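Contents: one structure, followed by commentary.
The values are calculated or read from the model by the stated rules, or taken from the named source; none is laboratory data. Computed from a prediction, not measured in an experiment: that's the story for all the values here. A quick note on method: Cβ atoms are made from the backbone with ideal geometry, for glycine too, and the neighbour counts reach across all protein chains shown. We work out accessible area using only protein heavy atoms, side chains counted, and drop any ligands, DNA or RNA first. Shrake-Rupley method; radii C 1.70, N 1.55, O 1.52, S 1.80 Å.
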Amino acid sequence: MPLSDALRARKSIRAFKPDPVPEALIRDLLEDARRAPSGTNIQPWKVHVVAGDVRQRLEREVLAHRETDPEDAAAEFPRKPGARRDPYLGRMRTLGKAMYGLLEIPKGDQAANWRQWGRNYQFFDAPVGLIFTIDRDLDAMSFLDVGMFMQTLMLAAAERGLGTCAQGAWNNFWTVTRRVLEVPEDEYIICGMSLGWPDEAAAVNRLEAEREPVDAFARFHGF
Ligand SMILES: Cc1cc2nc3c(=O)[nH]c(=O)nc-3n(C[C@H](O)[C@H](O)[C@H](O)COP(=O)(O)O)c2cc1C
């Protein structure tokens, strides 16, 4: 598949078939992802690949914790509130409206919203979950590197017909993830990702997230 086709094929998948993803195939994806660039080539990415019993335990324990302590939902690394203002807030709302429309969740139905967001912690039923961590003493430049790694992995998956969804949701309830996966104390848990075979019949997978036109974000100088 040409790269430009993989770029267009990739989109976030939020419903998966139960069919397993063989370890060898995941290793192939990681082989591709490690080609991602990183500042001074420090390759700061670390990833826990989770399936089977461990995946089940992670899901069970995070969901239980979320029910008993829903307020314990902040990322462990410093975050800023900028995404909660326009134009970002407006884009977030557009996405939410489209997604909840496909899921037939009425506006303002808090209980259904809570349940749907909880699907993140089931990796949307994907057979494989990925948890990305980074050493605590690295800064924003290295977070960029992990983002590039993740996108390379998602494109490699798209090329093979696999679906993915990057999941910032996994930077919440990180105390549980740390305990279950034995993540060292000197690493932040920064993101998760669902990986599996897309359920083509699921309405939510019809979501096409809008994009701003090039001229809304690019300024050309010296042309
Ligand atoms: C860093 C990052 C974190 C994300 N976190 C979540 C998440 O927690 N849950 C979710 O359903 N989607 C999540 N997404 C998916 C975005 O909503 C999605 O990429 C965006 O709406 C664009 O849609 P597309 O991926 O289908 O092109 C995340 C994406 C990125 C890049």
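Return the pair list, or none, for Cβ contacts closer than 9 Å from residues in segment 68-80 that are touching a residue at least 12 places away in the same chain (Cβ under 8 Å) and within 15 Å of Asp137 (Cα to Cα) to residues that are among the basic types (Lys, Arg) and open to solvent by 50 Å² or more (accessible area, probe 1.4 Å), at least 6 apart or on different chains. From segment 68-80, the pairs are Glu76/Arg136; Phe77/Arg136. Of all residues in segment 199-223, those satisfying the criterion of being in contact with a Leu (Cβ under 8 Å, 6 or more places away or on another chain) and surrounded by 10 or more Cβ atoms within 10 Å (Cβ to Cβ) are Ala203, Val204, Arg206, Leu207, Ala209.
Pick out the one residue from Asp145, Asp137 that is open to solvent by 20 Å² or more (accessible area, probe 1.4 Å), of a type outside the set (A, V, I, L, M, F, W, C) and either closer than 20 Å to Arg178 by Cα or in a helix (DSSP H, G or I) (or both).
Asp137
Of all residues in segment 154-179, those being within 16 Å of Pro198 (Cβ to Cβ) and either in contact (Cβ under 8 Å) with a residue 60 or more places away in the chain or of a type in the set (A, V, I, L, M, F, W, C) (or both) number 12. Is one or more of the residues making up segment 100-111 closer than 30 Å to Trp45 by Cα and within 12 Å of the ligand (Cβ to nearest atom)? For segment 100-111, residues closer than 30 Å to Trp45 by Cα and within 12 Å of the ligand (Cβ to nearest atom): absent. Might you check whether a residue that is away from the ligand (no atom under 14 Å from the Cβ) and within 18 Å of the chain's Cα centre (by Cα) occurs anywhere in segment 79-96? Taking every residue of segment 79-96 in turn, none turns out to be away from the ligand (no atom under 14 Å from the Cβ) and within 18 Å of the chain's Cα centre (by Cα). Taken together, the residues in segment 12-24 that are crowded, with 17+ Cβ neighbours inside 10 Å and of a type outside the set (A, V, I, L, M, F, W, C) amount to 2.
Among the residues of segment 6-43, those that are within 16 Å of the ligand (Cβ to nearest atom) and either of a type in the set (Ser, Thr, Tyr) or free of Cβ contacts under 8 Å to residues at least 12 places away in the same chain (or both) comprise Arg8, Ser12. Which of the residues belonging to segment 99-121 are under 25 Å from Thr177 (Cα atoms) and among the aromatic types (Phe, Trp, Tyr)? Of everything in segment 99-121, those that are under 25 Å from Thr177 (Cα atoms) and among the aromatic types (Phe, Trp, Tyr) turn out to be Trp114, Trp117, Tyr121.
Taking the listed residues Leu89, Leu3, Leu95, the one that is modelled with pLDDT under 95 and closer than 25 Å to Ala216 by Cα is Leu3, with no other qualifying. The residue that is farthest from Met193 (Cα to Cα), counting only those in segment 133-148 that are aliphatic (A, V, I, L, M) and within 14 Å of the ligand (Cβ to nearest atom), is Ala140.
Scanning segment 149-198 for residues that are open to solvent by 30 Å² or more (accessible area, probe 1.4 Å), on the phi < 0 side of the Ramachandran plot, outside any helix (DSSP H, G or I) and more than 13 Å from the ligand (Cβ to nearest atom) yields Arg160, Pro184, Glu185, Asp186, Tyr188, Trp197.
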